[in-house]
Each structure stands twice: as structure tokens, then as C-alpha cells.
Amino acid sequence: MKRRQPLEFGQLVQRFFEQYLPTLRGMSLHTIHSYRDALVLFLHFLAHDLRRRVETLEIADITAPRVEKFLMSLETERHNAIATRNARLAAVHTFARFLAAERPAHLAQLQAIILVPFKRGGQEAPIEYFETHELDALLKSIDQISARGPRYYALFALMFNTGGRVQEILNLRVRDIRLDPPYQIRLLGKGNKTRVCPIWPATAKHLRAHIEQQLIGHADLGSVLVFTNRNGGALTRFGARYLLRKYVNAGSARAPTLKGKRLHPHSVRHSTAISLLKAGVDFATVSQWLGHSALNTTMRYARSDIDLKRAALSQLFPDSIAPPKAGRLRIDGAELTRWLHRL
């Protein structure tokens, strides 16, 4: 039987991810993963809409009306926020530009896709994060006596300790961890930027126990992923989300406030940022700790808590936010002006 040759569309998708994004565009691994997730959703939507298998799709099947229908399904069926919808559209736009350069015969069709606009009106949702007692309830809900309990306890303890993005933590290999004082780990973040984060002795203890229990025995231990799934493969972001939801549900018995929150792996990162800021760590240090590209990204945490709002203002405008000095107020020009500035 003659072997069937790969379809042209499949070869283009492969070239898009293996050559165009990493080599020609120089995009980071995190961005490529985001584009991959978006394109997987889009291709599955197309296959379902056309009642065909994904491997039979062609360039002609990708049209502007179907892209608009896909975006609508993200909002109505998957309940994605406008920001997520626009992120998915950005990935489709990039893919359409790539196809237009590769197959100019479809240029008019692909230009119509590129012209599909981003949706306005998205409001920034309040930041959901774990309070101290809620995080404690989450960790206590993990059975450390079970076979995989120590692994998952170490995972969430490390996520909170470092504030690392979930993919940064899942990409960790044993060689990236220093389990001798000073305890620290090396994270590869957005834009392929590397940063070093300190870890607590307790976190190092849990990591050492996990590595000695479940990872010792590999020929090249340094290159082994620290966190894997039950089959020994790489633990994915979706797997981490499933585990977090599982332990949040279990922990809600100890902390009922968990039931009313929409928490996800990134919420652990938010918790780290807010805990650091509440402890008095300045915004610039927290920004470097979390690997933010700009200080404005860190400043948004000041909107999540009234104490942080006041702390942020006191750093930027100390004369305006500082409380008035104790004692009797002398009403003269200089003192009155200073008093007004302190209101």
C-alpha cells in the first residue's frame, strides 16, 4: 500500500512553529507555547465546524467569518475574557501573515483575516490571590504520605516561594536548583531572560525530599525535569491547573473563602507579589523578583489591597500621603501649605 504523503497544510503548521516563530521572529518559548495553545483551539474548532478531521484541513478552510465565529465561541462557550480572546486572535493574525508570505495565492483571503479587529471594552478583572490562611489550607490538603504527595507539595510551595510563572517552574531541571546554602533556583522567563530567586530552607527541604525519593537513579540527574506527571512525562500547565483546582476544593473545608474565588496557577504568583509588598519590599525589588519587564506591571498589585495602595502612593508621593505631624497646627502660610499637601 502506497504511503500517504503529509498534507501541505500540516507542513506549513510545522514550519510555522519550528522555523518561523523561533528563528525568524525570535519569539520566546513561552510565547510559542501560547501560540500553540491558541492554534490547537482554532484547528479543533475548524474541524468541528466543518465536520472533518484536523489532519484534513486546508488553507482554504481558514476564512475571516470562521475566525469571527471562533472568537465568539471563546466568549460564549469557553467563557474567556476579552483579553484572552484578543490574545488568541493575535496568534491567528500571526499565523495568517505567515501563510500569506508562504502562499500568496491565498493573499486576499488571509488579508481579510488579518483585518479582523481586536475587541475593545475589556476591563481588567480584579486580581484573585490566596490569603495566608487560604494558602496554608491548600498545602495542608496535600497528602504527603501518598506516592505523589511530596512532589505536589514541593510544586506549590516553590511556586509561592518564588512567584515564578507556572511554565517557568514546570521547565525546571535538577541542575537549576541549589540545595546547599544559599538556597536558590534559576528560572528562564519571558524573552529568554534568566533570573535567580532565593528559596526558603523549608522549601529546599521539600525539594530535596522529592528529588531523593522520586528522581534519584537517573543516569543524568541534572537534566531531569523536577516536576513530572504520573507517567514520568513533563507536567503541563493544564495538569498544574487541574491539581490546583483539586487541592483548592479539598482546602475549602479548612478555608471556606476559597469557594468564592476563581483561582488558577497564576494566582499563586499574585499571592507572592502581594505578600512581598505587604512585608514592605519595595516595588522595584518585587519587579525584579517576579521578572517583570516594566515597573508598571508590578504597580497594578497596589490596586488589589488598600494597604498596598497607600504604600505605593507613599513611595511615589511621600509628602502628599504622609500623615500630618502631631501637635498643634500653626496657621501660617508655610505650615498651612505643608498641611494641605499631607491631606
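Only one of (1) assigned to a loop (DSSP other than H, G, I, E, B); (2) farther than 19 Å from Ile127 by Cα; (3) not basic (Lys, Arg) is not met by Leu263, so which one is it?
(2)
Looking at Leu276, is it closer than 23 Å to Asp37 by Cα and touching a residue at least 40 places away in the same chain (Cβ under 8 Å)?
Numbers: closer than 23 Å to Asp37 by Cα: no; touching a residue at least 40 places away in the same chain (Cβ under 8 Å): yes.
Here the answer is no, as Leu276 does not meet what is asked.
Provide a single number: the residues in segment 258-282 that are under 18 Å from Ile142 (Cα atoms) and of a type in the set (Val, Ile, Thr).
Going through segment 258-282 one residue at a time, the tally reaches 1.
List the helices (runs of 4 or more DSSP H) inside segment 63-178, counting only whole elements, that have at least 2 residues being over 17 Å from the mean Cα position of the chain (by Cα).
Working: elements: 64-76, 82-102, 107-114, 132-140, 149-162, 166-170.
Helices (runs of 4 or more DSSP H) meeting the threshold: 64-76, 82-102, 107-114, 132-140, 149-162.
Consider Val13 carefully, then state whether it is surrounded by 15 or more Cβ atoms within 10 Å (Cβ to Cβ), under 25 Å from Gln111 (Cβ atoms) and modelled with pLDDT of 95 or more.
On the way: surrounded by 15 or more Cβ atoms within 10 Å (Cβ to Cβ): yes; under 25 Å from Gln111 (Cβ atoms): yes; modelled with pLDDT of 95 or more: no.
No: the conditions fail for Val13.
Evaluate segment 144-167: report whether one residue or more is polar (S, T, N, Q), closer than 14 Å to Ser271 by Cβ and assigned by TED's automatic domain parsing to the domain that holds Gly189.
Looking only at segment 144-167, we keep the residues that are polar (S, T, N, Q), and these are 144, 146, 161-162, 167.
Checking which are closer than 14 Å to Ser271 by Cβ leaves us with 161-162.
Pick out the ones that are also assigned by TED's automatic domain parsing to the domain that holds Gly189 and you get 161-162.
Yes, there is a match, as at least one residue in segment 144-167 is polar (S, T, N, Q), closer than 14 Å to Ser271 by Cβ and assigned by TED's automatic domain parsing to the domain that holds Gly189.
Quick check: is even one residue across segment 157-176 buried (at least 17 other Cβ atoms within 10 Å of the Cβ), of a type in the set (Lys, Arg) and either without any contact (Cβ under 8 Å) to a residue 60 or more places away in the chain or over 30 Å from Phe16 (Cβ atoms) (or both)?
no
Residues being surrounded by fewer than 16 Cβ atoms within 10 Å (Cβ to Cβ), of a type in the set (Gly, Ala, Ser), without any contact (Cβ under 8 Å) to a residue 40 or more places away in the chain and within 20 Å of His33 (Cα to Cα): count how many of those fall in segment 196-245.
1
Which one of these does Arg52 not meet: (1) surrounded by fewer than 18 Cβ atoms within 10 Å (Cβ to Cβ); (2) in a helix (DSSP H, G or I); (3) without any contact (Cβ under 8 Å) to a residue 40 or more places away in the chain?
The failed condition is (2).
So for segment 79-86 (the condition being crowded, with 17+ Cβ neighbours inside 10 Å and closer than 17 Å to Val13 by Cβ), does at least one residue qualify?
no
The values are calculated or read from the model by the stated rules, or taken from the named source; none is laboratory data. All values reported here derive from a predicted model rather than from experimental measurement. Glycine also receives a Cβ, built like all others from the backbone with ideal geometry; neighbour counts cover every protein chain displayed.
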